[in-house]
Amino acid sequence: MQHLRIGISIDTRTQDIWQNGLYQNAVILAAACLRLSFVDFVELIDVAPHAEATTLETSVAGELRIMPAREACHTVDVIIELSGVFERSWLELMRARGKKLVLYQARQPYAQLAEPAIFGRRGENRWGIQFDEIWMPGVVWDSAFAPMLRTAHRCDVFDVPFIWHPEFVDQRAERLRNHGLRYGSLSDSDAVGHGVAARVAVFESNESVVRSCIVPMLICDAAYRRDRTAVRHMHVLNTQHMKDHPTMLHFAASLDIVKDGAASFHGVHDVVSFMPQFADFVVAHEWRSGPNYTVLDLLYGGYPLIHNAEWMRQAGYYYPDADIEEGARLVGRAIAHHAEFVGDYEFHSRSIFTAVDPFRRDNLDAYAERLKRLCASSRALGYR
């Protein structure tokens, strides 16, 4: 097999690598591909219009080149659109030059397509582009959304392993230690899981119904109503763009935890810097979505995480679907008893980290097989 040169998209205009899981995902995917014997090099392709060539130093992938799209077109054989969206005309040119095009569908595609038009937001121009393959991390996504993607892009959709690495958590935590802050749940502290009132954070992005603060806020309020001495404060992040909307104002004002002044609403903060200063626990919720880096960063820090992510139900405190009462019960259980379960909690978290390790042999083999089949296949076989 020919030795491959791979480019993976990022967008430096809007993405801070410390707060953007997709940007981090691009780096971790690059690190995994670099472990494959038939890959010559991997570079990040910056889709920003006036991007300049630079480098990104990482421990997981070494020094990665960041190239503007206008230069990368001469250096790569396989182009993976992941964190940044390429111009349609550029992708069509690359296709005409015989490059292999892959869409790495890391977000829920139905909401990604439907919401911009319904809510009058700026959308993405990738719909209808004929990629060679679409890669989706997670088997649940494949069964739910593969037919839609297969029809829209006229190519096959394949399941690939979801991968994560603590590279960015560790780097950020090291910087914080220099300022006297320690990232990580203090399991021996009187403030965590010993029945002492806890500060709870909600980190949903609130950019889509897929990841919204609504259910976590209801869970926190239900737990607060059960025992006002259990939840000391609720911090809801990523809400600055919606805090003055009448619906949000009325919804928030209806909650006892807000009425009693035990809630705060914030803008964007990264998990690693926020948790040591302001929160002990996290409540999360997702709707038909794929894995995300935030929940793994929190598990890695050992923080009690109340969540409904089916793919990692054995880790954290799992409640099904949007079961508010069960979520509230788990908040109370974690606050009262988490210290008793720390050993089991960490054991189950480690099993998740092992499964998503980018350098795990079966994960590497899966990506190697996918790349080999991609390069051996006829373009868009069977689709018109």
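The values are calculated or read from the model by the stated rules, or taken from the named source; none is laboratory data. This structure is a prediction, so every number in the text was calculated from the model and none was measured. Note: ideal-geometry Cβ built from the backbone for every residue, glycine included; neighbour counts use all protein chains shown.
Tabulated values for the structure
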quantity	calculated
Residue check for Val47: within 16 Å of Leu101 (Cα to Cα) and modelled with pLDDT under 95	yes
Leading residue by the ranking (farthest from the chain's Cα centre (by Cα)) among those in region 323-360 that are hydrophobic (A, V, I, L, M, F, W, C) and over 23 Å from Asp297 (Cβ atoms)	Ala336
Condition check for Gly290: in contact with a strand residue (DSSP E or B) (Cβ under 8 Å, 6 or more places away or on another chain), in a helix (DSSP H, G or I) and in contact (Cβ under 8 Å) with a residue 24 or more places away in the chain	no
Residues located in region 30-61, provided they are in a strand (DSSP E or B), buried (at least 17 other Cβ atoms within 10 Å of the Cβ) and over 22 Å from the mean Cα position of the chain (by Cα)	Val39
When residues of region 71-84 are limited to those that are farther than 19 Å from Ile28 by Cβ and in contact (Cβ under 8 Å) with a residue 24 or more places away in the chain, the one surrounded by the most Cβ atoms within 10 Å (Cβ to Cβ)	Ala72
Test for Asp142: is it under 30 Å from Arg373 (Cα atoms), in contact with a strand residue (DSSP E or B) (Cβ under 6 Å, 6 or more places away or on another chain) and at pLDDT below 80	yes
Selection status of Phe131, crowded, with 18+ Cβ neighbours inside 10 Å and in a loop (DSSP other than H, G, I, E, B)	yes
Given (1) in contact with a strand residue (DSSP E or B) (Cβ under 8 Å, 6 or more places away or on another chain); (2) part of a helix (DSSP H, G or I); (3) over 21 Å from Asn206 (Cβ atoms), number of the condition Arg225 does not satisfy	(1)
Lone qualifier among Leu64, Leu101 - being in a strand (DSSP E or B), farther than 20 Å from Thr151 by Cβ and in contact (Cβ under 8 Å) with a residue 12 or more places away in the chain	Leu64
